[in-house]
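The values are calculated or read from the model by the stated rules, or taken from the named source; none is laboratory data. Small disclaimer: the values here were computed from a predicted structure and weren't measured. We place every Cβ from the backbone using ideal geometry, glycine too, and count neighbours over all the protein chains shown. We work out accessible area using only protein heavy atoms, side chains counted, and drop any ligands, DNA or RNA first. Shrake-Rupley method; radii C 1.70, N 1.55, O 1.52, S 1.80 Å.
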Amino acid sequence: MHGNAIIDAVPHDRSSQPPLLQARNTKHTPERLRGAPPEGLEPAELGPGSWAPALAPRLAQFAAVARHEHVTRAAHELGMPQPTLSRAIVRLESDLGVALFARHGRTLSLTPAGRGFLAAAERALTDLERATDSVRADADPAAGKVAFGFLHTLGPETVPGLIRSFRADHPGVRFQLVQNYGEAMIERLRAGDLDLCLTSPVPDYPDLVARRLDEQKLRLVVPDDHPLAGRKRIRLAEAAGELFVTLEPGYGLRRITDALCAEAGFTPRVAFEGEEAETLRGLVAAGLGVALLPPPAVPRPGVAELTVTAPRAVREIGVAWLDGHPDTPPVAAFKKFLLSRRGRLLPR
């Protein structure tokens, strides 16, 4: 099971906008401007023939005139000269090839085409305002957002402790938390869904920056009635004949398990492949096999946990982020905090 969560803290003058290319006419107008788009239509890519980039800066001017039905009052609200706004509206109508306003002396009223265009313009301006508010809020140094991913095994103690410590000095920062396995988090880093992630093994990809923060000893977990249960220490080669329960291929701990077993001279016989370490620990208690696992947050009855003396059984924990990706102030602060925890990231 993979999870997502959000932790919230308690809590000019536009007269110089470029005109549309005058060579365009209604014959060349993109289909989406000739009528309402079909319901559920996906947004079109903004190619060289798109009207949107040229229209976007002028929507606020049009909407202000429509709201006031008076160019002078609209110009005052926008902080621009009235003649400049008048020319901009005339140019917009000319570029679109339709009359948006009917003139009545100094006042104006929307034509049917103008009313239809205004509805779309107001939706676009509202969406833009919301998007602006959202990105500015997320980047706020005191109350911004950090999208942070971490491994399932770091969820019970490590990550809650980190967030608690960080928010002692940054109480307003919000966290969007993603709990998943390593490769999935790396893909989400690349997609821009995550700012930072704690993972293992420490990734080595040219598009990522990764820093080792700590290491965690792995233990051979056996049922408490197993012949090996009375031992304190074991060489991994002594478990060559055992059935193993492991995480699925693609999980970092599975890669580490396979590599350690290979170093010990055998390929593990796998009885079960799962998604969570504590599920594996429970299956060991049920007698389904043995497992190489990090220490549990809380001791589990029914198992014995043996120190592996050879090969050296550890996993490195590191933090990764996308190379060249600019940090917002809250992300930069949390990254600095994580790097300051090098060597003492994990509970001892």
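Could you please let me know if Ala291 is buried (at least 17 other Cβ atoms within 10 Å of the Cβ) and over 25 Å from the mean Cα position of the chain (by Cα)? Judged against the criteria, Ala291 is a match. Of all residues in the stretch 263-321, those satisfying the criterion of being among the hydroxyl-bearing types (Ser, Thr, Tyr) and either in contact with a Phe, Trp or Tyr (Cβ under 6 Å, 6 or more places away or on another chain) or part of a strand (DSSP E or B) (or both) are Thr307, Thr309. Being more than 22 Å from Ala184 (Cβ to Cβ), of a type in the set (Val, Ile, Thr), open to solvent by less than 50 Å² (accessible area, probe 1.4 Å) and not in a loop (DSSP other than H, G, I, E, B) is a property that does not hold for Val331. Is one or more of the residues making up the stretch 109-119 under 20 Å from the mean Cα position of the chain (by Cα) and of a type outside the set (Asp, Glu)? The answer is no, given that none of the residues of the stretch 109-119 is under 20 Å from the mean Cα position of the chain (by Cα) and of a type outside the set (Asp, Glu).
Considering the stretch 180-190, the residues that are modelled with pLDDT of 95 or more and open to solvent by 50 Å² or more (accessible area, probe 1.4 Å) include one that is nearest to the chain's Cα centre (by Cα), namely Arg188. Within the stretch 300-348, the set of residues being touching an Asp or Glu at 6+ places or on another chain (Cβ under 7 Å) and aromatic (Phe, Trp, Tyr) comprises Trp321 only. Phe337 fulfils the conditions (1) in contact with a helix residue (DSSP H, G or I) (Cβ under 6 Å, 6 or more places away or on another chain); (2) under 23 Å from Glu187 (Cβ atoms); (3) part of a helix (DSSP H, G or I) except for a single criterion, (2). Taken over the stretch 140-171, residues that are of a type in the set (Phe, Trp, Tyr) and in contact with a Cys (Cβ under 8 Å, 6 or more places away or on another chain) amount to 2. Pairs meeting the criteria (first residue in the stretch 157-180 and among the basic types (Lys, Arg), second residue not in a strand (DSSP E or B), beta carbons under 6 Å, at least 6 apart or on different chains) are Arg174/Asp8; Arg174/Ala9. For Arg312, the requirement of being open to solvent by 70 Å² or more (accessible area, probe 1.4 Å), of a type in the set (Lys, Arg) and on the phi < 0 side of the Ramachandran plot is met.
Which one of these is under 16 Å from Thr309 (Cα atoms) and acidic (Asp, Glu): Glu238, Glu278? So the residue among Glu238, Glu278 that is under 16 Å from Thr309 (Cα atoms) and acidic (Asp, Glu) is Glu238. Please go through the stretch 264-279 and pick out each residue that is open to solvent by less than 50 Å² (accessible area, probe 1.4 Å) and touching a Leu at 6+ places or on another chain (Cβ under 6 Å). Matches in the stretch 264-279: Ala264, Ala271, Gly274, Ala277.
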